[in-house]
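Step one of this worksheet: look at the structure below.
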Amino acid sequence: MRNNNVMGILFPNMHDEALSALTSSRPFGSVPFGGRYRLIDFTLSNLVNAGISKVGIVTQDNYQSLMDHIGSGKSWDLSRKNEGLYFLPPVAMSDELYAGRVASLTGIRPFFRNSKEEYVILSDCHVVGNIDYDKILDAHRESGADITVACKHGDVPRLNDNLLLWMQEDGRVNDIMLGNCPAGECDYGLGIYIMRKDFLIRMLDAAVSRNHMNFDRDILLRHIDDVKIYGYRVPEYTAVISSPGSFFRANMDLLKPEVRAALFPAQRPIYTKVRDAAPAVYGLHASVTNSLVADGCFIEGEVHNSIIFRDVRIARDTHIENSIVMQGAIICEKTSLNCAVLDKDVVIKASRNLSGAEGYPIFIDKGTVV
Amino acid sequence: MFRKQECVAMLLAGGQGSRLYALTRNLAKPAVPYGGKYRIIDFPLSNCVNSGIETVGVLTQYQPLVLNDYIGSGQPWDLDRMDAGVHVLPPYQGKKGADWYKGTANAIYQNMAFIERYSPEYVLVLSGDHIYKMDYSKMIEEHKKNNADCTIAVIEVEMSEASRFGILNTNPDGSIYEFDEKPAHPKSNLASMGIYVFNWEKLRRYLTEDENDPKSSNDFGKNVLPAMLNAGERMYAYRFSGYWKDVGTIDSLWEANMDLLNPKVPLDLSVPDWKIYSRNPGLPPHFVGEGAEVQNSMISEGSNIYGKVDFSVIFSGVTVEQGAEVRDSILMPGARVMAGAKVQYAIVAENAVVGEGATVGSRPEETEKIEDWGVAVVASGVRIGRGCVVPPKGMVDSDIPDAQ
């Protein structure tokens, strides 16, 4: 059933700095992932799979690649007459680009004003997961919370702006810590917040009038006693992309069947832009094991423990191991790659050898010819 | 009010494809899967779009459910348009009663109202039976240049094979003087590809005349085209060179798939400026497991390969388990080959299962009498039990229980 009463607001630029090697020419949300996806596909698909068909995407200055990927939203079934997809670029009137969540949300007040939905889901795009948002909404309504924060229990991601929560048994948050906290297991926020729209607007107005511009600090932490904040532990598999290393590991995790089963269940597909590439072709000398290979590839070499995106050509006498090769790469004869992440359209000329180290992969910029 | 379209395409997609037997039990021939991620109809539809033809009527009749679903709004082909676009046209009930499409010409006749709304100059008649990439705009260009009433696309076939086709005999300027349907002694090797361009004014007249002739079987090849030729209309052949294959039989469907693995065959689906579009199942990239061996094959998204795959075309969502062996075969969407099973020279249709240790098909050199050899077929959704054997040329359309 369509979830008419809920709208989604996505922040594809949040955490850009955590993955600077891949975000110099694109926002975090359009970082390629898992052979054929962009990170934003997971959040968008989760919203759509929960029947939410009004989604606003708050962009900053570098949204070309995102616009190109998402287009009218057709691939997510969001090209609709009623509601659908809205790009929300910075308004010209503001002095500077949206600095953070509070400023961005204030900038899109007209969008809220014109929306009849009762609830809002705010979400960043740095979490890979197939998360049932319906369940979070149910939990939010049942607990009577003012705001529900989706969280996960475990090792704290290496982000500078973590939100750490301490909850009572019923899920009510009674303590919050912010920032780069000491390692160890605890509940950390996934950048997904659910609340009533009018509550959000009230809190925003109050914060902005006092020049309080940090969402976690000024709307959550500051009001921990007078606002009912609840945590919801997401039961599904999630991978938080918080560093080059975690990006690499989250990709490699896809080689595990149980992770693929968790991320790509038949009933809740992850949608992405369709490119109509022909199926992958394996040549006479191809030797591929424990790898994920997308359509449009032509493989004649050796590939192990790797993620190969669409339209990649791998010549014979090549040896590719523990690597991520993004769309459109050309890998010539007699090369070897180990622990490398190739951004889009990289060319590796014949007889080159590139190797990173485990836990410290080398990143090759988009369009580089090596 | 519909905007005028210079050319409207009418795609005859009602055929049963009876020579594909078990594969067309539940779907019309144009919906038969081909080439790892396509269905046959993707080729004429994509050719239309790539040729700039924006209005396509698809005439359905036999088992239309899969085909209707597949075409949907036409979005995968960019044919979800405001008033142009793709339109599925089933037979319907009218004031004078209801009629199935009696023949190819009658199917168009019954949908004249659809064509009229666009007041086209030309109507392009296509079939959903062939695999080929063709720029119809060039054919229409030549039709105009010849000031023709009808242009028929032809392809040169081997003289020895010509008696299997409808042959056109032409003058040096390309004008047609004779049709020869499956001639015992062919005079030329120009075979009709079943692709026609008509001036709509002329076609409308001949369709109406044909309909009023009670003796006619209302077929383009048998009735309408000969009638036009006898009346002295300007009919021309348009020569096409390139890959073109009828996939009307099990053997030719199997061959046409295998052609994709042969670099010498001029059918390249990866050319970016003439893409073949298809409805996408939205699955993750395919996975090739530890211990898998994949060579000389085509593999589509969402498949999981843990066994050995050689010279095969693997569609989306297929599973080949550890220790299974698939050679010279086609595994259609969702098929599953379980551990230790062996599939050779076979077509395993959608969602069929080959149980543990079962054998489907065999290599020609391993078959005692070569006349007993042929491609084996497992129909969609059928389960071949553990340890069972499906002989070459075998055709299984119901479950086989586990062997004792």
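The values are calculated or read from the model by the stated rules, or taken from the named source; none is laboratory data. Quantities reported herein were computed from a predicted structural model and do not represent experimental measurements. We place every Cβ from the backbone using ideal geometry, glycine too, and count neighbours over all the protein chains shown. Ligands, DNA and RNA are stripped out before the accessible areas are found, and what is left, the full protein with its side chains, is counted by its heavy atoms. Shrake-Rupley method; radii C 1.70, N 1.55, O 1.52, S 1.80 Å.
See the values below:
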item	result
Additional length obtainable on full extension of the chain from B:D80 to B:N68, 0.36 nm per residue less Cα span	2.9 nm
Farthest positive-ward along region A:6-263 dipole, Cα basis, beta-carbon charges - from A:G35, A:G129, A:N160	A:G35
Partners for B:K95 among lysines (Cα-Cα distance below 28 Å; same-chain residues under 8 apart left out)	B:K4, B:K202, B:K215
Inter-centroid distance (Cα atoms) of region A:293-370 relative to region B:57-94, Å	42 Å
Relative counts (whole %) of C-alpha pair distances in chain A, using bins that are 10 Å wide	5, 24, 32, 23, 12, 4, 0
Integer Hz, Karplus 6.51/-1.76/1.60 couplings in order for region A:306-320, x for Gly and Pro	9, 10, 10, 6, 5, 6, 9, 10, 10, 6, 6, 6, 10, 9, 10
Apportionment of accessible area to carbon and sulfur, region A:281-364, percent (1.4 Å)	47 percent
Listing of region B:19-56 residues, each with accessible area lower by at least 30 Å² in the full protein assembly than in the chain alone (probe 1.4 Å)	B:K37
R0 of 22 Å, Cβ-Cβ distance B:R363-B:D397: FRET efficiency to nearest 0.05	0.40
Kirkwood hydrodynamic radius (C-alpha pairs) into Stokes-Einstein, chain B, 20 °C and 1.002 mPa s, D in µm²/s	96 µm²/s
In the A-B interface, the accessible area buried, summed over both sides, Å² (probe 1.4 Å)	2600 Å²
Hull volume in cubic angstrom per residue (convex hull over the Cα atoms of the protein assembly as shown)	202 Å³
Ordering of B:281-294, A:301-314 by packing [mean C-beta count within 10 Å, highest first]	A:301-314, B:281-294
Fraction of accessible area attributable to carbon and sulfur, region A:6-263 (%, probe 1.4 Å)	47 percent
Shape box of region B:172-243 [Cα atoms, principal axes, largest first, Å]	36, 28, 25
Largest-first principal axis extents of the Cα set of region B:97-157 (Å)	42, 29, 17
Rounded percent of accessible protein surface that carbon and sulfur make up, chain B, 1.4 Å probe	48 percent
Surface per residue (accessible, 1.4 Å probe) for chain B, Å²	42 Å²
Which listed pairs, of A:K135/B:K37; B:K102/B:K222; A:K344/B:K275; A:K334/B:K275, have C-alpha distances above 24 Å, in listed order	A:K135/B:K37; A:K334/B:K275
Cα-derived Rg over Rh, computed across region A:235-353 with Rh taken as Kirkwood radius	0.98
Shielded residues, region A:236-267 - accessible-area loss of 50 Å² or more between chain alone and all protein chains, probe 1.4 Å	A:R260
Computed [θ] at 222 nm, helices only, for the protein assembly as shown once each DSSP H run of length n ≥ 4 contributes -39500 (n - 2.57)	-5000 deg cm²/dmol
Average accessible surface area per residue within chain A, 1.4 Å rolling probe, Å²	40 Å²
Listed residues A:L66, A:L284, A:L178, most fluctuating in chain A (Gaussian network, C-alpha, under 10 Å)	A:L284
Centre separation in Å (Cα based) which lies between region B:334-369 and region A:44-63	45 Å
GNM top mover of B:L23, B:L65, B:L190 - chain B, alpha-carbon springs below 10 Å	B:L65
